[in-house]
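Laboratory data are not the source of any read-out in this text; all were calculated from the coordinates shown. Predicted model, so just to flag it, every value in this text is computed and none were measured. Here the Cβ positions follow ideal geometry from the backbone for every residue, glycine too, while neighbour counts run over all protein chains shown.
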Amino acid sequence: MTDVSDIVIQRQYYYGFNLVPGIGPTRLAKLIEQCGSIAAAWHATPADLLAAGIDARSSTALHQIRTSVDLAEQVAELAAAGVQLVCVADIGYPRLLAGIPNAPPLLYVRGDLTPTDDWAVAVVGTRSPTTYGKEATRAIVSEMARRGVTIVSGLAIGIDAVAHTAALEAGGRTLGVLGSGIDQVYPERNRALAEQIMQQGALISDYAPGTKPMAANFPPRNRIISGLALGTLVVEAGEKSGSLITVEFALEHGREVFAVPGSIFSRASKGTHHLLREGATVATCADDILDALNLATAPVQQEIALALFDELDDATENALMQHLSAEPQHIDLLTRACGLPAATVSATLAMLELKGYARQVGQMEYVRAR
């Protein structure tokens, strides 16, 4: 039976792999499949690494990390600094993010993620907004935040900062996704904003602490912004705006895309107008987004989800979650794998289905939905 101590150890292994250059989500998934578990993957033999497609350079780097880094000590230091590690095996891993291709195996979090963050909208746009763009963002974001929607953005100057600030001022939750290590807030001018976000939401990164905010980090970061949200709202974006990268990820993830129309004379709205011509939903007010995403009753939906969350038996839930995957498994197999009574497994699966962590896909067969 998997218990809380097993989850702690798994986080350490995910952290270890996060330090290894060249082993990203795809390669790590192949290695875990080859070895059977994250623990076995961490102790993989050269033959296992080769079979999983891990090249010599990455294999050497893994060996160096395994022999030189005290994972438990470093994870404890991160915890002392207020950094939480949330791995894909955790029951608290964001449900929406878990549903994207190559979801980040490990997140570094400062602040708190809650089940209510499943009701989220990403807001992105230019770093040089017009007065119109700022006011449109404030109006739409403030109303969404007041109505229980978590606002996700990238902590950049411009529309990102306006969106975070509007959510905070409305008393709502907001998540800031970094293109650097969780200890490397960028840009520096938004450090005070970042501190506020941690009080009413969280800062999130999948980059190891100490990672500098290099330009190459931000496009991959945008997949997390999109992945955390039910839909993405674009407010003012030029023809080659980085915000359009987030839109590409949103479309890849099967998420809704919204755009605020602007002046036909404004260069800042050329990108958003292109999105509208390509089929993005026009957003002139919060209701345009809330209705399209079925978020008009978000507080009621959240109240139900929180009630279920409060009743979860963490040890039992985590034990069963470790054996659920994308591959359908019969309840009898899950019962044997967990070492739990059949009645407990059946009741736990029912609770996980209600919460959205598991899904029945066949005759007594279940997959992991989160």
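At-a-glance table
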{"quantity": "q = 0.08, 0.10 Å⁻¹, the chain: log10 I(q)/I(0) [Debye, one scatterer per Cα]", "calculated": "-0.42, -0.65"}
{"quantity": "Per-residue ³J(HN,Hα) for segment 213-225, Karplus 6.51 cos²θ - 1.76 cosθ + 1.60, θ = phi - 60°, Hz, x for Gly and Pro", "calculated": "x, 7, 4, 5, 7, 7, x, x, 4, 5, 5, 6, 4"}
{"quantity": "Kirkwood Rh in Å, taken over segment 1-99 so that all alpha-carbon pairs contribute", "calculated": "14.2"}
{"quantity": "Cleavage-rule hits, chymotrypsin sites (Phe, Trp or Tyr not before Pro), segment 216-277, DSSP coil, Cβ neighbours within 10 Å at most 11", "calculated": "Phe265"}
{"quantity": "Net charge of Cβ neighbours under 11 Å - reference Phe249; Lys, Arg +1; Asp, Glu -1", "calculated": "+1"}
{"quantity": "Relative contact order of the chain, pairs being alpha-carbon contacts under 8 Å that are 6 or more residues apart, as %", "calculated": "16"}
{"quantity": "GNM result for the chain, Cα springs below 10 Å: residue of Leu333, Leu96, Leu276 fluctuating most strongly", "calculated": "Leu333"}
{"quantity": "Whole-number D in µm²/s for segment 311-368 (Stokes-Einstein; Kirkwood sum over Cα pairs; 10 °C, 1.306 mPa s)", "calculated": "145"}
{"quantity": "Set Lys30/Lys355; Lys30/Lys240; Lys30/Lys270 screened for pairs whose C-alpha atoms are more than 30 Å apart", "calculated": "Lys30/Lys240; Lys30/Lys270"}
{"quantity": "Label-point gap, in nm, between Gln74 and Gln363 - each point 7 angstrom along Cα→Cβ", "calculated": "4.9"}
{"quantity": "Cα-based equivalent ellipsoid, segment 115-297: semi-axes from gyration tensor eigenvalues, Å", "calculated": "23, 18, 15"}
{"quantity": "Rule-of-thumb Rg ratio for segment 75-142 [Cα; 2.2 N^0.38 Å; N residues]", "calculated": "1.48"}
